[in-house]
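One structure below.
The values are calculated or read from the model by the stated rules, or taken from the named source; none is laboratory data. Since we're looking at a predicted model, the values are computed, not measured. Ideal geometry is used to build each Cβ from the backbone, glycine not excepted, and the neighbour counts take in all protein chains shown. Areas reflect the complete protein model, heavy atoms only, side chains present, ligands, DNA and RNA absent. Shrake-Rupley method; radii C 1.70, N 1.55, O 1.52, S 1.80 Å.
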Amino acid sequence: MPDDRLRTVMQRILNAADAAERPAPALLAVSKTQPAEAVAALAAAGQRAFGENYVQEAAAKREALAGTCPELQWHLIGHLQSNKAALAAEVFDWVQSVDRPSVVDALARHRAAARAPLNVLIQVNVEGESGKAGCRPDELDALAARVAAQPRLALRGLMSIPVPHPAPEQRRPAFRRMRQLFDELAARHPGVDTLSMGMSDDFPVAIAEGATLVRIGTALFGPRAG
Ligand SMILES: *Cc1c(COP(=O)(O)O)cnc(C)c1O
């Protein structure tokens, strides 16, 4: 039952936060590959924020659920190609995968003036893994300033996907470094309040290191097909 899974995950989040003496982070339900009905079921159980990896897939689900669940909040967590930026600026409430200047400019250009500013997280490749999405830590300041200068965008913080070391404990140094970068950014930009890190198999470690939002798919929906 989606209800039971949601309750279990929420309890594990609270336990991890309590143990670390930190505030409980927000939960983003990662619904990629899941049908709109699965999103609706979780929404009926009280979940509001959903994460998707592909712009078109999210657009279709948002459209399908607009009548029954209009109050949902959609986050893009997958790599954003520049030619999808216009649609992304329309479909999403948050884009967590901003990692280069061209994407900042395209999202700002296409976010409608009538809408609230698009919430932006900058994705950081904190371990400098080659060929992976995310800006380098030394590119972060300039990119953050570029986002902050755009009235159609709201700079909210950082996102990271650490190298998937088999043992979650091995990911702790990357989470810790992200929290440092986040604290430095928040000291310079008043609206920064969100550090997105931690997935189904490592969220307790991410919470212990200071995540304010965890992105959880499998533990909520079960294994993805394909
Ligand atoms: C798929 C995905 C998740 C969720 O992963 P699970 O292991 O299913 O919890 C989180 N973040 C990103 C960026 C993803 O692509």
Please specify each residue of the range 36-53 satisfying the condition of being under 13 Å from the mean Cα position of the chain (by Cα) and either more than 10 Å from the ligand (Cβ to nearest atom) or in contact (Cβ under 8 Å) with a residue 60 or more places away in the chain (or both).
Ala49, Phe50, Gly51
Residue that is of a type in the set (Val, Ile, Thr) and within 19 Å of Leu153 (Cα to Cα), where the choices are Val95, Val9, Val39
Val95
Selected residue (only one of Thr33, Thr68 is open to solvent by 40 Å² or more (accessible area, probe 1.4 Å) and within 16 Å of the ligand (Cβ to nearest atom))
Thr33
If you go through the range 67-80 one residue at a time, do you hit one that is without any contact (Cβ under 8 Å) to a residue 24 or more places away in the chain and aliphatic (A, V, I, L, M)?
no
Keeping to the range 135-148, report how many residues are of a type in the set (Gly, Ala, Ser) and over 14 Å from Leu181 (Cα atoms).
2
How do the pairs read when you match residues in the range 151-176 that are acidic (Asp, Glu) with residues anywhere that are within 16 Å of the ligand (Cβ to nearest atom), using Cβ under 9 Å and keeping only pairs 6 or more apart or on different chains?
Glu169/Asp202; Glu169/Val205
Would you pick out the residues in the range 176-206 that are in contact with a Pro (Cβ under 7 Å, 6 or more places away or on another chain) and under 26 Å from Leu153 (Cβ atoms)?
Leu181
Could you please find all residues in the range 77-130 being away from the ligand (no atom under 16 Å from the Cβ), among the charged types (D, E, K, R) and either open to solvent by less than 40 Å² (accessible area, probe 1.4 Å) or not in a helix (DSSP H, G or I) (or both)?
Asp93, Arg100, Arg111, Arg115
Which of (1) in a loop (DSSP other than H, G, I, E, B); (2) open to solvent by less than 20 Å² (accessible area, probe 1.4 Å) does Trp74 not meet, given it meets every other one?
(1)
Matching residues in the range 10-34 - criterion: being farther than 19 Å from Leu72 by Cα and either of a type in the set (Ser, Thr, Tyr) or not in a loop (DSSP other than H, G, I, E, B) (or both):
Gln11, Arg12, Ile13, Leu14, Asn15, Ala16, Ala17, Asp18, Ala19, Ala20
